[in-house]
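Take a look at the structure below.
The values are calculated or read from the model by the stated rules, or taken from the named source; none is laboratory data. For clarity, every value in this text was computed on a predicted model and none was experimentally measured. As a convention, Cβ positions derive from the backbone with ideal geometry for all residues, glycine included, and neighbour counts pool all protein chains shown. These area figures cover heavy atoms from the full protein model, side chains too; ligands, DNA and RNA do not enter into them. Shrake-Rupley method; radii C 1.70, N 1.55, O 1.52, S 1.80 Å.
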Amino acid sequence: MPRIAKELGALAVARLKVPGWYAVGGVAGLGLQVTSTGARSWSLRVTFGGKRRELGLGGYPTVLVAAARDKARQAREQIDQGVDPTIAKKSAESAIKAAQARAVTFRALAERYIKAHQAGWKNAKHSAQWASTLEQYAHPELGAMFVDHIDTPAVLKVLQPLWGVKTETASRLRGRIETILDYATAQELRDGPNPARWKGHLALTLPRRSKVQKVEHHAALPVSAMPDFMQRLRDANGNGARALEFAILTAARSGEVRGMHWREVDLATKVWTIPGERMKAGREHRVPLSKAAVELLVAMPSQADAKVVFPGTKGKPLSDMSLSAVLRRMKVDAVPHGMRSSFRDWTAESTNYPNEVAEMALAHAVGSAVEAAYRRGDLFEKRRAMMADWATFLAKQPCTTPTPKRRAKRAEAA
């Protein structure tokens, strides 16, 4: 170890201005380096691992004499413990950078997640719903928090005020928070279990949705009122009325009808094929077209460059309120989606078509996952007969194609 020089005071150190290296004492090997430009800095001369080295301890007078001696003593202690001060300093700097990289707020990560995944979502509306739900309910509490600081109490502070009054919204919000925090774990921005997970965690604190959520059915017309309503609807003008009429004839969702393109329609085979990316379940769905549905399509104004079957302004799809506006103008207490309920009531009350045929017409999941795996077909021909009967019922005409119930009665009579 170098001999400890005479200890210089602060005034004596301040007077060292001639270029050179000056031992200042107090700690063996500590000195002040003065350059030809007048710059002064502290250095500690040590031997570590059999090699002589100089450790920089900062500039003077930013680091004063007492602070320089403290740094020198800490470096000496590290060396005595077998720790390389240079590596220890770099390791500390690296740890700081790693901590800074992990210091990502929930809001920033949510925006990053939406940007990374929105191209794979069905439409821009889904992306907007994600952003608006988080902005309105999650960000006021979680937005400024680092994702690795979010715990169960923080998540519950967001969810509990909503759970009993806006249960559906709260449930979706919980799932979105869970997804963002899972994304944080995948990005190595947080550790440990997800505080927004449901099974075995929040399920023990929050009541099940079925216990608190009020079931709100879509307003629908009684089955008996459908034929008269359809007659009035046929007399209404506008593409909104035609789209609603077609939606009723096919029992399709309004969004599927509004986004319908001519390339999806095969009038020769009387089939409308909706691609999976436009379906709620994400699977392609074939819709048999009754004679009435085909006639409606054929009667639509022919445009050489038309893409959308029921265009709104400037050839773009109708808005999601267009069909509802038709019902309001007609002063009908129902919503477009409720017409699917009317169709389902008709199949249950007026026909013997099997439940799975009606459910498949509505593009609902049928049975268990095992049952679905074995049922590879889509019951298309049975659905074709059912949709023809539905159109006949709506037109108030005698049914020419016997339903299963009528076939059974005719068999008994024979």
A correct Karplus calculation of ³J(HN,Hα) over the stretch 310-323, with 6.51 cos²θ - 1.76 cosθ + 1.60, θ = phi - 60°, whole Hz and x for Gly and Pro, returns 10, x, x, 6, 6, x, 7, x, 4, 6, 5, 9, 4, 6
Put a dot 7 Å past each Cα toward the Cβ at LYS89 and LYS314; how far apart are the dots in nm? 6.2 nm
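In deg cm²/dmol and to the nearest 500, what is the mean residue ellipticity at 222 nm of the chain if only DSSP H runs of at least 4 residues count, each as -39500 (n - 2.57), divided by the residue total? Write out the running numbers ahead of the final one.
Values: 18 runs with 191 residues, N = 414.
My calculation for the chain gives -14000 deg cm²/dmol from helical runs alone.
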Can you give me the Cα centroid spacing of the stretch 254-268 and the stretch 163-203 in angstrom? 37 Å
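Of all chymotrypsin sites (Phe, Trp or Tyr not before Pro) in the stretch 1-49, which ones are in loop regions per DSSP and have a Cβ with at most 13 other Cβ atoms within 10 Å? Please report the intermediate quantities before stating the final value.
On the way: sites: TRP21, TYR22, TRP42, PHE48; in loops: none.
In loop regions of the stretch 1-49 (DSSP not H, G, I, E or B), there are no sparsely surrounded chymotrypsin sites (Phe, Trp or Tyr not before Pro).
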Computed ³J(HN,Hα) along the stretch 104-112: with the Karplus parameters 6.51/-1.76/1.60, θ = phi - 60°, integer Hz and x for glycine or proline, the list is 10, 6, 4, 4, 5, 6, 4, 5, 5
With Cα coordinates, the longest principal axis of the chain makes an angle with the long axis of helix 152-163, in degrees rounded to 10, of 30 degrees
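Give the shape of the stretch 136-275 as rounded, prolate or oblate, defined through the alpha-carbon gyration tensor: a ≥ b ≥ c are the square roots of its eigenvalues, a/c under 1.5 means rounded, and otherwise the shape is prolate if a/b is larger than b/c and oblate if not. It would help to have the intermediate numbers written out before the result.
Working: a/c = 3.43, a/b = 2.15, b/c = 1.60.
Prolate, because a/c is 1.5 or more and a/b exceeds b/c.
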Placed amide H near GLY58: partners under 5 Å, 5+ positions off or other chain: TRP42
Can you compute the modelled spin-label distance between ARG208 and ALA131, with each label point 7 Å from Cα toward Cβ, in nm? 3.7 nm
For the chain, take the longest principal axis of its alpha carbons; what is the angle in degrees between that and the long axis of helix 404-413, to the nearest 10 within 0 to 90? 30 degrees
Compute the relative contact order of the stretch 124-208 as a whole-number percentage, counting only Cα pairs closer than 8 Å that sit 6 or more residues apart in sequence. 29 percent
With a 1.4 angstrom probe the carbon and sulfur portion of accessible area for the chain, in percent, totals 53 percent
Labelled set (i) 24, 46, 27, 3, 0; (ii) 27, 56, 16, 1; (iii) 19, 32, 22, 11, 13, 3, 0; P(r) over Cα pairs in 20 Å bins from 0, in percent computed from this model equals the value at (iii)
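How would you order 159-167, 8-16 from highest to lowest mean count of nearby Cβ atoms within 10 Å?
Working: 159-167: 15.4, 8-16: 13.2.
The densest-packed peptide leads the list: 159-167, 8-16.
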Would you please put 266-277, 177-188 in order of how densely packed they are, using the mean number of other Cβ atoms within 10 angstrom per residue and starting with the highest? 177-188, 266-277
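Which net charge results when you count Lys and Arg as +1 and Asp and Glu as -1 among the other residues whose beta-carbon is under 14 Å from that of LYS157?
Details: positive: ARG174; negative: GLU141, ASP151.
Here the count lands on -1.
State the extension gain, in nm to one decimal, for the chain segment bounded by ALA299 and ALA14, taking 0.36 nm per residue of separation less the distance between their alpha-carbons.
92.8 nm
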Show the residues, 5+ positions off or on another chain, whose built amide H is closer than 5 Å to the amide H of VAL104. VAL147, ASP148
How far apart, in nm, are two points set 7 Å out from the Cα along the Cα-to-Cβ line at LYS199 and at ARG232? 4.9 nm
Tilt relative to the chain, helix 85-102 - C-alpha long axis, 0 to 90 degrees, to 10: 20 degrees
Take every Cα pair under 8 Å in the stretch 232-365 that's 6+ residues apart, average their separations, divide by the length, and report that relative contact order as a whole percent. 27 percent
